[in-house]
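Peer 1: One structure coming up, written as structure tokens, with questions to follow.
Read the figures in this text as sums done on the coordinates, not as results from a lab. A quick note: this is a predicted structure, and the numbers were derived from the prediction, not measured. Because the Cβ atoms are built from the backbone with ideal geometry, glycine has one as well, and the counts that use them run over all protein chains shown.
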Amino acid sequence: MLVTSDKHPDLDRAGLQSRAIRGAAWTAIHTFVSLPVAFLVNLLLARVLGVVDYGRLTYLTMLITVTGTIAALGVGTSVLQFGAKAHTAGRTDEVRKLLRAGSGWRLLVSAPIVTLVVLAFVRLEPSFLVLVLVFGVWLPAVLGGLGIALNIEQKTAEGAQAALIGSFFTQASVVAIVLTIGTADAVWAGRTIASALVVTLLFFFISQPYRSAVLTPGNPFRLSKQFWRFAIPTGLASVVGTLVTSRSEVLLLQWLSSPVSVGLFGLAFGLAAHIFAPAQSFIGPLIPAVSGLAEVDPQALRPAFLRVLRCSAIVAGLFVAGLLPAFSSLVPLLYGREFSAAASMVLVLGIFTALGLIAGPITAFIYARLRGRLILEIEIWSLSVKVAIALASIAWLGAWGAVLASACAITVRTAMLWIHEARHLRISRRDSLFSGAPLFLASLIAASLWIGSMWVADTPVLRGMGTGMVGIAGLVLLVRFLRLGLKTGDRDAILQAVPLRFRPIFRPLMSILVSTEHRQL
């Protein structure tokens, strides 16, 4: 029997934290397992396609991503936010109505718009193009609500398990296409089709009422005014935010610079994203969990904000100090001399990508208060900075102009989000900065190691291994000495998501990052 009025019995404050941590843990497992495969496939793509065609693949991916975000108009995000609150409160009929409306929007609006863009810009054989439209555009329109329903039910762990299976299928498809057809457009099409087919796995994890709602589209224009007051500015914020945080500079590079610049920037941005994918995996499960927490226990938001900030800064900091200088030094060896100019770009973009990770959980807290208009204002300011700097510098500096524009935009966006939410939760600047301090320390370590490694005459592999070990050791020592690490409660909360048999292994490793006398915040 469906519960329609009482709050969901498993989604109190403790239940929300448990599910969020379990979801983050499984998402991290998926990322750690699939990331090496994705890295190797990306390496193969760069080697086979070359710098110009790799830039073409980057351009197509960016163009369709932006188009899809525009066509969505924030409906999916709004269904998730309103649906997570309703599900937590036990209002399942309301959730079903939202899911049906979301399906209707994708079929009536989103899919037709994306179809027109694909027809206009993608160069494929007619039969292959039909497959892309059917399985890459319209199938996701039909089944796209499954992922939203999964998050509404706080089943992000199950979603990560399905994604783990799907990632291997997608990467195998990409490898087959690049080795047989070998064009950027065909690779993009194959990746799109394979990713869409993976969505069908979610059928096995979603409850039957929500599954049937996804498959029976409703009229999206009958949704409440409150929904659209949140959805429209949120949708605009998503579009602007995508332009701010993604490699949208390739659109201007294609116009103002050369195809080689597009390829160099595309590789550097993509490699930075690969490096920080495990850290990013902890953020996705937070969004529905924070929405539910705001519904059932608003008083818990302040300590939750500080905990999320500490954990995000520590995780991102470890990747900055340990992996960023190492991977940067290996770029010429792995990708070839034609990509060697991207090595230092990877370092700079990686540092600011890590800073952007902090904005992820902060945005989740703002969305939980349904402040879509505030997000929109911040995204507009950030995009304005990005476009101004890109227009002023790309024609002069090429790919480095795009790097500069991206770094400045991420800095402005993160700072504005951080300052605003800290003020709303009445957290002092000193407290919030101390929580994020490990990331700033890691950035200084990474930059210092990169500069210092230029004077070392060893091979790139030895230099990469050396900088990685020194970076992690240096960050751990600084965090413990300055008492800026995790609290015992942070460690224990994360360990709840680790299977019992592995806790004896993870506990001492995580305890290294715990400050016994944590600096008072």
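Peer 1: Taking the criterion of being surrounded by fewer than 21 Cβ atoms within 10 Å (Cβ to Cβ), farther than 26 Å from residue 332 by Cα and free of Cβ contacts under 8 Å to residues at least 24 places away in the same chain, would at least one residue in the range 193-211 satisfy it?
Peer 2: yes
Peer 1: Another question, then. With respect to residue 463, determine if the residue is of a type outside the set (Phe, Trp, Tyr) and without any contact (Cβ under 8 Å) to a residue 40 or more places away in the chain.
Peer 2: It is false that residue 463 is of a type outside the set (Phe, Trp, Tyr) and without any contact (Cβ under 8 Å) to a residue 40 or more places away in the chain.
Peer 1: Let me ask something else about it. Please go through the range 213-225 and give me each residue that is touching a residue at least 40 places away in the same chain (Cβ under 8 Å), assigned to a helix (DSSP H, G or I) and not basic (Lys, Arg), ordered by number.
Peer 2: 213, 214, 220
Peer 1: Are any residues in the range 49-80 more than 19 Å from residue 193 (Cβ to Cβ) and hydrophobic (A, V, I, L, M, F, W, C), and if so, which ones?
Peer 2: Answer for the range 49-80, where residues must be more than 19 Å from residue 193 (Cβ to Cβ) and hydrophobic (A, V, I, L, M, F, W, C): 51, 52, 66, 70, 72, 73, 75, 79, 80.
Peer 1: So residue 415 ticks every box in (1) aliphatic (A, V, I, L, M); (2) more than 28 Å from residue 240 (Cα to Cα); (3) surrounded by fewer than 21 Cβ atoms within 10 Å (Cβ to Cβ) but one. Which box is left unticked?
Peer 2: (2)
Peer 1: Could I ask something else about it? Taking into account only those residues within the range 80-120 that are within 21 Å of residue 364 (Cβ to Cβ) and of a type outside the set (A, V, I, L, M), which is surrounded by the fewest Cβ atoms within 10 Å (Cβ to Cβ)?
Peer 2: By that ranking, first place goes to 85.
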